[in-house]
1. Which one of these does G5 not meet: (1) surrounded by 14 or more Cβ atoms within 10 Å (Cβ to Cβ); (2) at pLDDT below 95?
2. Counting only residues that are modelled with pLDDT of 95 or more, within 11 Å of the ligand (Cβ to nearest atom) and out of contact with any Lys or Arg (no Cβ under 8 Å at 6 or more places or on another chain), which one in the range 91-112 is farthest from K68 (Cα to Cα)?
3. If T85 satisfies all but one of (1) touching a helix residue (DSSP H, G or I) at 6+ places or on another chain (Cβ under 9 Å); (2) without any contact (Cβ under 8 Å) to a residue 24 or more places away in the chain, what's the number of the condition it fails?
4. Take the range 163-179 and flag every residue that is closer than 26 Å to D93 by Cα and either of a type in the set (S, T, N, Q) or away from the ligand (no atom under 14 Å from the Cβ) (or both).
5. Mind checking whether some residue in the range 151-162 is in a helix (DSSP H, G or I), away from the ligand (no atom under 11 Å from the Cβ) and surrounded by fewer than 15 Cβ atoms within 10 Å (Cβ to Cβ)?
6. Just the residues that are part of a loop (DSSP other than H, G, I, E, B) and either in contact with a Leu (Cβ under 9 Å, 6 or more places away or on another chain) or modelled with pLDDT of 85 or more (or both), please, taken from the range 164-179.
7. Between a residue in the range 61-80 that is over 13 Å from R41 (Cβ atoms) and any residue that is of a type in the set (D, E) and part of a strand (DSSP E or B), which pairs come within a Cβ distance under 9 Å, given they are 6 or more apart or on different chains?
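The values are calculated or read from the model by the stated rules, or taken from the named source; none is laboratory data. On a predicted model such as this, the values are computed, not experimentally measured, just so you know. Methodologically, a virtual Cβ is constructed for each residue, glycine included, from the backbone with ideal geometry; neighbour enumeration extends over all protein chains shown.
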Amino acid sequence: MILTGPAIAAAHAAGEITIDPYDPDRLSPNAYDWRLGNHLRICDGDLDAATPTSSTEISIPRTGFVLKPGVLYLGVTHEKTGSETYAQLLNGDRTTGALGIWVHVSAPLGHQGHAIRWTLEIRASQPVRVYPGMTFGKLVFLQPLGAAASYQQHGLKYTASQGIETSRLYEEIPGGCRP
Ligand SMILES: O=c1ccn([C@H]2C[C@H](O)[C@@H](COP(=O)(O)OP(=O)(O)OP(=O)(O)O)O2)c(=O)[nH]1
């Protein structure tokens, strides 16, 4: 089941949902409108799943930054979000979609027990200027079914994630590079 905007507000007030910073004006009937953070990591070389990704970090100027097609940008949400009670799905929205922006490549799920500023895997269909703090998509909260579970208890790859994180798949690939 998906939480309504009023249910997200009530769960936030009860401490069951973290959205930091929180602005009630960003609630919609079934979602919270999240924003793009201030930094991007530009990954413009070839990538190798068995090797840590090299990237260049930039601050997005107030005047904006033009995303280009064919480049992978790792971004970060302005908000730290999470919940021990609810799972999350982070996506773009109709408005960023109409600008030809993908806010992640194929990774919408936020596990219960994982309160973070999300890493975004951003792509652009054509050159498009983006701005720090702009509304970038919708975050929904889902009522899980089944026994209690938490990302923290499983010690998974991104447990200590504090912001933009490159892929850690190299840790799992035999013979892959380990830093
Ligand atoms: O685009 C995304 C998708 C997910 N996450 C966070 C939230 C989620 O709780 C965590 C793990 O996501 P997922 O399960 O998709 O990652 P994985 O690659 O399977 O790693 P793990 O084995 O640690 O689950 O990473 C992001 O920051 N950005």
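1. (2)
2. Ranking the candidates gives Q112 first.
3. Only one criterion is unmet by T85, namely (2).
4. T166, S167, listed by residue number.
5. Yes: one or more hits.
6. Scanning the range 164-179 gives I164, E165, T166, S167, R168, E172, I173, G176.
7. As it stands, the answer is E79/D20; K80/D20, since those pairs meet every condition given.
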